[in-house]
Amino acid sequence: MRAANSVFSGLGTTIFTVMSALATEHGAINLGQGFPDDEGPDDVRAAAAKAIMDGPNQYPPMMGLPALRQAVAAANKRFYGLDVDWQTEVMVTSGATEALTDCLMALLNPGDEAILIEPAYDSYKPIIEAAGAKVVTVALQPPHWSLPLEELAAAFSDKTKLILVNTPMNPIGKVFTRAELEAIAALVIRHDAYALCDEVYEHLVFSGHEHIPLMTLPGMRERTLRVGSAGKTFSLTGWKIGYVTGPVHLMETVGKTHQFVTFTTPPALQSAVAYGLGKDDAYFASLASSLEAKRDLLAKGLKEAGFDVLPADGTYFISADFRPLGFNGTDEEFCREITVRAKVAAIPLSSFYAPNAPHAPRHLARFCFCKQDAILTEASSRLLSYAKGRGAL
């Protein structure tokens, strides 16, 4: 029979599925996949329940409920000083992954090149390649994860259509600095390219750091598509509510892509997210501070177990070097080992690089800290016992 799509048929089972299944099999605490273990704000969930009962529950407008599009535009102004026309420059999607897919499909043609900064979220590469474009990678290197500006400049060419920038960055918790963003903006403008910005962790930034949307920099307003997520902002990942902000000349095509991907998104959930985006500053500040405390709790536990812990300035994730524990295998082997023996699951960081990439670090594991404190404490205790059993402490 004829072959299916070569990009997607060539993909294996994701490492998230593999490690989660292994965690379930061995009764391990799953610090691999990035989702909170609470149910999100009571008032936002109550708003959704009321909206379901009150209706309407039929197809909402394709671009999203006016209330949510207005709330997204207002949030852009409130947090970043961006003036956005909610009617023509905001679109609601069924999750940020759909938003990214819509944007990539809308912008890319076969033969174009798209730059990814590694380590990169795993959905980016196959979507770009399915659009017929070529992925060009630039790698950040541990432990400081600074942007290699000469390598980035060399990655741009006359075929470059866009760069995908994820800040704050999954999987490593990096928050790009203003200087790094200014360097990216200069290259985008010089090469007449676009920027697609995955900013789903925009409100999960820790002390001493600031989230700066690339769209706010000079010359980037008309070249940037910005993606946000209610799943991350309200710890409601299962709702799958995302939104795109961008200039009208790009949003017209992005909207046409969305029309043939999901068309619409559940109206009651949109209504509740619109309510949520209007919450007071204390909510957004407490979201970041509570996650920062969880980061510190897990970092302390990892250090006590003998890991070298890398900086994490935002998101749900922290990376740790396991070599001090005396383990000399690969990161995937280590993550399997601790899932089985320590009963704690993590994700090998090399899975966020291109397959067999020679520059991918093989000595780091990514842990997720958006869990209850008791879970993080127990995971730390298990890892400490594992390290002692290895004679590492």
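The values are calculated or read from the model by the stated rules, or taken from the named source; none is laboratory data. Every value quoted in this text rests on a predicted model; they were computed, and no experiment measured them. Methodologically, a virtual Cβ is constructed for each residue, glycine included, from the backbone with ideal geometry; neighbour enumeration extends over all protein chains shown. Remember, those area values only see protein heavy atoms, side chains included, never the ligands or the DNA or RNA. Shrake-Rupley method; radii C 1.70, N 1.55, O 1.52, S 1.80 Å.
Considering ALA346, ALA360, ALA305, ALA354, which residue is within 24 Å of LEU22 (Cβ to Cβ) and in contact with a Gly (Cβ under 9 Å, 6 or more places away or on another chain)? Of ALA346, ALA360, ALA305, ALA354, the one residue that is within 24 Å of LEU22 (Cβ to Cβ) and in contact with a Gly (Cβ under 9 Å, 6 or more places away or on another chain) is ALA346. The residues of region 117-152 that are open to solvent by less than 40 Å² (accessible area, probe 1.4 Å), more than 19 Å from the chain's Cα centre (by Cα) and over 27 Å from ALA99 (Cβ atoms) amount to a single one, PRO148. Looking only at residues in region 97-116 that are more than 21 Å from VAL248 (Cβ to Cβ) and either aromatic (Phe, Trp, Tyr) or not in a strand (DSSP E or B) (or both), the one that is least open to solvent (accessible area, probe 1.4 Å) is ASP112.
Might you check whether a residue that is under 25 Å from ALA120 (Cβ atoms), at pLDDT 95 or above and assigned to a helix (DSSP H, G or I) occurs anywhere in region 377-386? First the steps, then the outcome.
Taking region 377-386 first, the residues under 25 Å from ALA120 (Cβ atoms) are none.
Looking for residues that are under 25 Å from ALA120 (Cβ atoms), at pLDDT 95 or above and assigned to a helix (DSSP H, G or I), one finds none in region 377-386, hence no.
Evaluated against (1) at pLDDT 95 or above; (2) closer than 20 Å to ALA360 by Cβ; (3) not in a strand (DSSP E or B), HIS144 falls short on exactly one condition, (1).
crowded, with 22+ Cβ neighbours inside 10 Å and either within 23 Å of PRO36 (Cα to Cα) or not hydrophobic (A, V, I, L, M, F, W, C) (or both) - does that describe any residue in region 253-261? The answer is yes, given that some residue of region 253-261 is crowded, with 22+ Cβ neighbours inside 10 Å and either within 23 Å of PRO36 (Cα to Cα) or not hydrophobic (A, V, I, L, M, F, W, C) (or both). Show the residue pairs that are 6+ apart or on different chains and have beta-carbon atoms under 8 Å apart, the first residue being within region 377-393 and open to solvent by 20 Å² or more (accessible area, probe 1.4 Å), the second being of a type in the set (Val, Ile, Thr). Here the result reads GLU378/ILE29; ARG382/ILE29; ARG382/VAL344, each pair linking region 377-393 to a residue that is of a type in the set (Val, Ile, Thr).
Residue under question is LEU187, and the condition is that it be in contact with a helix residue (DSSP H, G or I) (Cβ under 8 Å, 6 or more places away or on another chain), closer than 29 Å to ALA365 by Cβ, modelled with pLDDT of 95 or more and not polar (S, T, N, Q); does it hold? Spell out the reasoning first.
Numbers: in contact with a helix residue (DSSP H, G or I) (Cβ under 8 Å, 6 or more places away or on another chain): yes; closer than 29 Å to ALA365 by Cβ: no; modelled with pLDDT of 95 or more: yes; not polar (S, T, N, Q): yes.
No: the conditions fail for LEU187.
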